[in-house]
Amino acid sequence: MKPAAGAAERLRLPREIKVLIAAAFVIAIGFGLVSPVLPQFAQSFGVEATAAAVIVSAFAFTRLVFAPAGGKLVERLGERPVYVAGLIIVALSTAACAFAADYWQLLIFRGLGGIGSTMFTISAMGLIIRLAPPGMRGRVSGAYASAFLLGSIGGPFIGGLLAGFGLRVPFLVYAGALLVAAAVVFFQLKDTTLGGRTKGPVQPVLPVREALRDSAYRAALVSGFANGWASFGVRMALVPLFAAAVLGAGPEVAGISLAFFAGGTALALTFSGRLTDSVGRKPLVLTGLAVNGIAMACLGLTGDVVTFFAVSVVAGIGAGILNPAQQAAVADVVGNERSGGKVLAAFQMSTDTGTIFGPILAGVLVDTLSYGWAFGLTGVTALAAFLMWTLARETLQSKS
């Protein structure tokens, strides 16, 4: 029997979850502050566009490489200490970027920030799993994603304004915001049972090997890869190029299309989290993969700006339907009573791998064949994930 639709409605967000959501908003705002100025700052040291792009990739690369170690730290020290330490590392590395004297210093400092980023990302996932009641994990994941989305939308606008005072200023403001977020999380969660491993019994650890026996976790790894490929990789790397090369539009059209994608995601997040907790994880994951995959494949076939915008909205809706359900399914696999640092790290790595390699392979197809083939391959990755999920179990426990 399916859980009652009103069950999740009667539950209220725990105070600790609200703290994490607020911190996520601050972090996303700060990340958005530096994202529009980072390539320009890199080029101010006299390097070409490719070298400037490497600065952006360095952050994601160190996130991917350090993820297994981040998972081990969470299992040994606990979520809260690792979360706070991760924020402090990113804050210090970001402040150091503001004082970089040459390109190589900037590359090193930005890469070090990726280490802290993966620490607080994995820790945040663990905290949400530990704190969120099973019947509202979809709602919590949706609220957390919404905070990040809203911060990501507002951050670049504020960052562009701050850049008028100098390209180094956004980095300093971001560093300060991260320190504030770290202090808030440290003090607000200080008296919870998440203070650290030394204050209570050690939780049993869920090994990756055991998690891989779960069909839902295996499917989540594939859908995480597909989501990273489409929503974080190809969308950011190829959509601006497609708008210029095929549609003959300027960079403003590419920017508007990204905003339309974000708007579609925001629209879906208003209902997808609650549906995930009432209907189930699997139906929402399948729907999100289908909508996002078809829309991303169709992007390469659009021939005018209006259609391009419309398809971008649909692709964003698909991502907004997918993400809360996917996160909730992984949370169900780990459960409240176990520590799953390495399991969560592997899931994050699947997304980061898609983010890194998706644009590269799609770019090769653009150079050798066409944009249609590149976006089509993006749709194929979503189809592969869809097929994996058709064979996966439903993780939401039924209630009588």
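The values are calculated or read from the model by the stated rules, or taken from the named source; none is laboratory data. Small disclaimer: the values here were computed from a predicted structure and weren't measured. Please note: Cβ atoms are built from the backbone with ideal geometry, for glycine as well, and neighbour counts cover all protein chains shown. Ligands, DNA and RNA are excluded from the accessible area calculation, which covers all protein heavy atoms including side chains. Shrake-Rupley method; radii C 1.70, N 1.55, O 1.52, S 1.80 Å.
Some points to look at:
- Cα-projected label distance for Ile294 with Phe357, points at 7 Å along beta-carbon direction, nm: 2.8 nm
- When the solvent-accessible area of the range 250-400 is split by element, carbon and sulfur atoms take up 73 percent of it, the probe being 1.4 Å.
- The range 268-400, accessible area per residue, ligands and nucleic acids excluded (1.4 Å, Å²): 38 Å²
- Inter-label distance, nm, simple model (7 Å from Cα along the C-beta direction), Ala22/Arg76: 3.2 nm
- The Cα center of the range 325-400 and the Cα center of the range 83-120 differ in position by 27 Å.
- Extension gain, Lys190 to Arg15: 0.36 nm times the residue separation minus the Cα-Cα distance gives 61.7 nm.
- Carbon + sulfur, % of accessible area of the range 70-146 - ligands and nucleic acids excluded, 1.4 Å: 73 percent
- Between the amide H of Arg393 and those of Ser215, Ala216, distances stay under 5 Å, these residues lying 5 or more places away or on another chain, with hydrogens modeled in the peptide plane.
- Summarising the label geometry, the points placed 7 Å from Cα in the beta-carbon direction at Phe271 and Phe165 lie 4.3 nm from one another.
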